[in-house]
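Data first, discussion second: the structure below is written as structure tokens.
The values are calculated or read from the model by the stated rules, or taken from the named source; none is laboratory data. Because the structure is predicted, anything quoted here is derived from the model rather than measured. Glycine gets a Cβ as well: all are built from the backbone with ideal geometry, and neighbour counts include every protein chain shown. Only protein heavy atoms, including side chains, enter the accessible area calculation; ligands, DNA and RNA are left aside. Shrake-Rupley method; radii C 1.70, N 1.55, O 1.52, S 1.80 Å.
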Amino acid sequence: MIEVKNIKASKEKNIDAIYIHIPFCSKKCEYCDFCTFVRMEEEYRKYTDYLIKEIRMYPKIKYDTIYFGGGTPSLLPVEMISEILNELDWSKNAEITLELNPTDMTFEKLKKIRESGINRLSIGIQSFQDHVLKFIGRQHSSDDAINVYKMAREAGFFNITVDLMFGIPNQSLEDLQRDLDILQGLKPENVSIYSLIWEEGTVFWSKLQKGILSEIDQDLEAEMYEKIIDFFEKNGYCQYEISNFARIDDKDKDVEINEIKKFEDLRKMQKNAGRHNLKYWRNQKFIGVGMSAASYFDDNRHSNVRTFKKYYNLIDDEKFPIDENTIEKIDDFEKEKLKKMLGLRLIEEGVNYSEKDAKKVEKLIKNGLIEEFFIEKNEKIKFKNKKNFVKNYEKRIKLTKKGLFLANNVFVEFI
């Protein structure tokens with residue numbers, strides 16, 4: 001067990017991200033395997049109190065990103081969200097995100113959420129087609145989704161992510177195109193669009209095993225993904241991660257992505273990317289609080305327990321509510337492995353590599369799955385008591401378009 005005193009005494013200085021898990025939902029989606037519980041309003045108060053107790057177990061940190069995920073964090077009364085935020089310290093330009101479902105949301109509540117300090121919303125829309133929403137067990141309609149998005153803008157949110165899904169049984173290319181057409185009009189800062197994953201233990205998984213449902217044809221799924229990539233490329237978005245697209249602001253559109261030679265230009269193009277998730281993909285460390293929340297602290301990765309009783313009891317005993325079976329020691333080999341796998345997900349940023357991987361890289365380049373590129377980094381170097389900027393070119397690799405469609409194979413070969 002990781003002891004509180006050891007964490008308190010930790011010399012870890014590079015953590016500036018925290019994930020806060022809110023496990024409550026009004027209904028369990030049929031494809032979801034997250035740690036969630038429905039119709040448990042009576043638990044909100046106690047759970048919030050224990051979240052705060054867990055936060056206090058960690059050293060005081062000034063956060064750059066705070067992320068409320070779930071579950072449906074927007075179900076919590078805004079007063080409880082504010083109580084949690086009051087326990088945290090964050091930088092002036094911090095990104096503070098709340099996941100939101102389009103149901104049971106009013107303009108007044110959105111205004112209160114904004115006033116609490118939340119400055120970014122991640123709206124779980126999944127589809128703008130009513131028949132698709134019904135099929136996957138969502139409670140909202142297309143109109144609900146569009147209305148909540150517009151209300152959020154009016155309430156003062158200028159950083160909104162929309163979550164969509166594709167590869168759903170009975171979803172057609174025409175359904176997907178209609179979703180993209182609506183997005184074109186909404187112009188969110190970020191879009192996360194994921195193919196359906198059949199998770200064991202879900203209602204969808206059970207129906208798949210019984211033959212009630214069947215997986216979508218792989219060629220159709222690939223065609224959908226290609227349509228998505230082409231759409232965002234034509235509509236002023238940068239694909240910065242396999243499933244994520246950031247809107248490029250008009251003033252930043254003067255540089256073509258394939259002409260970028262500097263990290264600072266790349267950062268400008270990706271300005272609307274989700275900063276919190278970028279920390280995961282850049283293999284940075286983070287804290288996770290709440291049931292089932294994952295953390296990467298010191299040299300350990302681990303997740304919290306998944307039941308209220310265990311969570312409360314461990315915190316009452318002044319122990320971190322960690323599931324001991326999930327503790328994974330991250331040595332230098334694992335760090336390098338994670339860096340390579342996660343880094344290749346970053347479509348434009350890519351990842352550097354060492355000479356020992358040169359043969360693997362050469363083979364993947366020959367097969368058209370990755371490509372090499374050089375990018376300029378301005379670094380401060382000290383010369384005789386003076387600091388000067390010097391140009392430093394770094395060689396990196398990234399997935400090609402062909403590699404995007406065979407990403408899992410590339411990860412295996414490269415790692």
Ratio of Rg to Rh for the range 264-415, alpha carbon only, Kirkwood?
-> 1.08
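How do E42, E264 rank by accessible surface area computed with a 1.4 Å probe, from largest to smallest?
Values: E42 130, E264 105 Å².
Per-residue accessible area, sorted high to low, gives E42, E264.
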For N325 and E42, extending 7 Å from Cα along the Cα-Cβ vector and measuring point to point gives, in nm, a value of 2.9 nm
Across N283, N170, N190, the residue with the highest GNM fluctuation in the chain (Cα network, 10 Å cutoff) is N170
Evaluate the relative contact order of the range 4-148 (contact order divided by residue number), counting alpha-carbon pairs under 8 angstrom at least 6 apart; express in whole percent.
-> 24 percent
Put +1 on the Cβ of each Lys and Arg and -1 on the Cβ of each Asp and Glu in the chain; which of L176, G288, G137 then has its Cα farthest toward the positive end of the dipole?
-> G288
What's the percent breakdown of Cα-Cα distances in the range 126-249 across 5 Å bins, shortest bin first?
-> 2, 10, 20, 22, 20, 14, 7, 4, 1, 0
quick note, the chain, DSSP beta bridge pairs, % antiparallel (nearest 5) is 50 percent
With every protein chain in place, what's the accessible area of K262 (1.4 Å probe, Å², nearest 10)?
-> 70 Å²
Picking from Q218, Q171, Q129, which is most flexible by a Gaussian network model of the chain using Cα springs under 10 Å?
-> Q218
Dipole in debye (nearest 20) - the range 268-324, about Cα centre, beta carbon charges: Lys, Arg +1; Asp, Glu -1 | 620 debye
Simple spin-label estimate for K27 and D265 in nanometres, 7 Å along Cα-Cβ | 4.9 nm
Between R282 and E362, with labels modelled 7 Å along Cα→Cβ, what's the label distance in nm to one decimal, could you check?
-> 3.3 nm
Beyond 35 Å, what share of the Cα-Cα pairs of the chain remains, rounded to the nearest whole percent?
-> 31 percent
Both in Å, the radius of gyration and Dmax of the C-alpha trace of the range 50-150 are 15.3, 48
The chain - accessible surface per residue (Å², probe 1.4 Å) | 50 Å²
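Taking K and R as +1 and D and E as -1, what net charge do the other residues with C-beta under 15 Å from the C-beta of L180 add up to?
Result for the local shell: -4.
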Whole-number D in µm²/s for the range 256-344 (Stokes-Einstein; Kirkwood sum over Cα pairs; 10 °C, 1.306 mPa s) = 103 µm²/s
Pull out the extension gain between L220 and E355, defined as 0.36 nm times the separation in residues minus the alpha carbon to alpha carbon distance; nm, one decimal.
-> 44.7 nm
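Give me the net charge of A155's neighbourhood, meaning all other residues with Cβ under 14 Å from the Cβ of A155; Lys, Arg count +1, Asp, Glu -1.
Numbers: positive: K109, K111, K112, R114, R120, K150, R153; negative: E108, E115, E154.
For residues surrounding A155, the net value is +4.
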Using a 1.4 angstrom probe on heavy atoms only, work out the carbon and sulfur share of the accessible area of the range 1-152 in %.
-> 48 percent
Mean-square fluctuation maximum in Gaussian network of the chain, Cα pairs under 10 Å, restricted to I146, I322, I22, hits I146
Relative contact order of the chain, defined on C-alpha pairs under 8 angstrom at six or more residues apart (%) = 15 percent
Between the alpha-carbon centers of the range 34-81 and the range 109-168, tell me the distance in whole angstrom.
-> 20 Å
In Å, what is the Rg of the alpha-carbon atoms in the range 185-303, and how long is Dmax?
-> 18.4, 53
